[in-house]
Amino acid sequence: MSSVILCISLYFFTIPVFAFENAQFENQTISEVLMADIPLDEKVENDKVILDLSRISQGYIAVRYTGKNDKVKIQISHDGNKNNYRILQDQYEKFIVLPLHAGNGMYEVKTVECMQDGIYISVFETSFEVKMENELLPFLYPSAYVPFSPDSKAVLAAANIAQISANDMDVVKNIFQYISLRMNYDEKLSKKLYETNEMYVPDIDEILSQKSGVCLDYSTLMAAMLRSQKIPAQVVTGDFVSPDNTTQRHAWVRAFVQDGGEDWVDVDPTYGTRVKILPKSFTNQHGVYRTDYFY
């Protein structure tokens, strides 16, 4: 899957960042955070994988890998649209929640193990029909790649921001502003990840505490904060193409905003952190964003 995003400059910001830091709030929205459960009422399994299908109407599945291979992926496919999820070592023997990212219809789920470099074989596969209560639900729950919980500091910050925001678009603007002005881009970490191709899932509270990170960190943080406030949000991975045709791997956020119509809005929190001033748009206007996957 590949698409090109052309970005429009529309958004201006008025609430000072210190308003988020110093104000006192009643955190009523914390208890309303959607959390996935894994009842195992409907499951498919073999000797290496347990797949819980009990909550497909809510837009997610849960998978537990019990094998011993150290390079394992879960592939979720829908009408030629495929997402790959690498199972990390600390996720073995645990259920991980994965979104049904492509809406209603027939899905195929495979678990594949690496036998040698670049060659994977399937050790589990099944297919099933999905009819969700709402096709935005997959992007409201915590998941393996967008983890958060009601007691997260990031969720508390999002709740505080939401309470001084007039509508969903204001929440998006203000969380973008909050991340843009608080965070610093970690050039050393970026270089390390480029050289090692290391795979990891960001810890959103650690990012918030350290006030530094790279594009995946900021995108995961923002998506989690938006989801906690019932604003559907995706972490998008792909490329950013500069005017000189330089291509960089990148991650950003896509948020579904219902104010004044319904539409997905692209937001690049990393752009906000790197320009060192509050930008007038959600994305870098001097280039093109190309989507590969969204989670």
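The values are calculated or read from the model by the stated rules, or taken from the named source; none is laboratory data. Given the structure is predicted, the values throughout are model-derived calculations rather than measurements. Cβ: placed from backbone, ideal geometry, glycine included. Neighbour counts: every protein chain shown.
General remarks:
- In summary, strands (runs of 3 or more DSSP E) completely within segment 181-295 and bearing 3 or more residues that are over 20 Å from Asn167 (Cα atoms) and among the hydrophobic types (A, V, I, L, M, F, W, C) occur at 233-241.
- Check on Val267, at negative phi, touching a strand residue (DSSP E or B) at 6+ places or on another chain (Cβ under 7 Å) and in contact (Cβ under 8 Å) with a residue 60 or more places away in the chain: yes
- Residue check, Ala144 buried (at least 21 other Cβ atoms within 10 Å of the Cβ), among the aliphatic types (A, V, I, L, M) and closer than 22 Å to Thr273 by Cα: no
- Any hit, segment 2-17, residues being aliphatic (A, V, I, L, M), surrounded by 14 or more Cβ atoms within 10 Å (Cβ to Cβ) and modelled with pLDDT of 90 or more: no
- Cβ pairs under 9 Å, 6+ apart, first in segment 37-63 and modelled with pLDDT of 95 or more and buried (at least 17 other Cβ atoms within 10 Å of the Cβ), second part of a loop (DSSP other than H, G, I, E, B) and polar (S, T, N, Q): Ile38/Ser54; Val49/Thr66; Ile50/Thr66; Gln58/Asn134; Gly59/Asn134; Tyr60/Ser143; Ile61/Ser54; Ala62/Ser54
- Enumeration of residues in segment 252-271 that are surrounded by fewer than 24 Cβ atoms within 10 Å (Cβ to Cβ) and among the aliphatic types (A, V, I, L, M): Val257, Val265
- Matching option when the condition is surrounded by fewer than 24 Cβ atoms within 10 Å (Cβ to Cβ) and in contact (Cβ under 8 Å) with a residue 40 or more places away in the chain, among Ile179, Ile204, Ile164, Ile175: Ile164
- Checking each residue in segment 78-97 for being hydroxyl-bearing (Ser, Thr, Tyr) and more than 18 Å from the chain's Cα centre (by Cα) picks out only Tyr92.
- Criterion: free of Cβ contacts under 8 Å to residues at least 60 places away in the same chain, among the β-branched types (Val, Ile, Thr) and surrounded by fewer than 18 Cβ atoms within 10 Å (Cβ to Cβ) - qualifying residue of Thr126, Thr66: Thr66
- Meets criteria (outside any strand (DSSP E or B) and either on the phi < 0 side of the Ramachandran plot or in the same structural domain as Asp217 (by TED's automatic domain parsing) (or both)) for Met106: no
- Selection within segment 64-86: residues that are modelled with pLDDT of 95 or more and charged (D, E, K, R). The member of this set that is nearest to Val49 (Cα to Cα) is Arg64.
- Single unsatisfied condition, Ala159 versus (1) free of Cβ contacts under 8 Å to residues at least 24 places away in the same chain; (2) among the small types (Gly, Ala, Ser); (3) in contact with a Ser or Thr (Cβ under 6 Å, 6 or more places away or on another chain): (1)
- All conditions but one from (1) closer than 20 Å to Asn84 by Cα; (2) surrounded by fewer than 18 Cβ atoms within 10 Å (Cβ to Cβ) apply to Ala233; the one that does not is (2).
Residue-by-condition table, conditions (1) modelled with pLDDT under 95; (2) under 20 Å from Val235 (Cβ atoms); (3) surrounded by fewer than 21 Cβ atoms within 10 Å (Cβ to Cβ):
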residue: Leu88; (1), (2), (3): yes, yes, yes
residue: Leu100; (1), (2), (3): no, yes, no
residue: Tyr120; (1), (2), (3): no, no, yes
residue: Glu135; (1), (2), (3): no, yes, yes
residue: Ala158; (1), (2), (3): no, yes, no
residue: Asp170; (1), (2), (3): yes, no, yes
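- Scope segment 63-95; condition under 14 Å from Phe124 (Cβ atoms) and assigned to a strand (DSSP E or B); matching residues: Val63, Arg64, Tyr65, Val72, Lys73, Ile74, Gln75, Ile76, Ser77, Tyr85, Ile87
- Lone unmet requirement of (1) out of contact with any Leu (no Cβ under 9 Å at 6 or more places or on another chain); (2) buried (at least 16 other Cβ atoms within 10 Å of the Cβ); (3) at pLDDT 95 or above for Asn104: (2)
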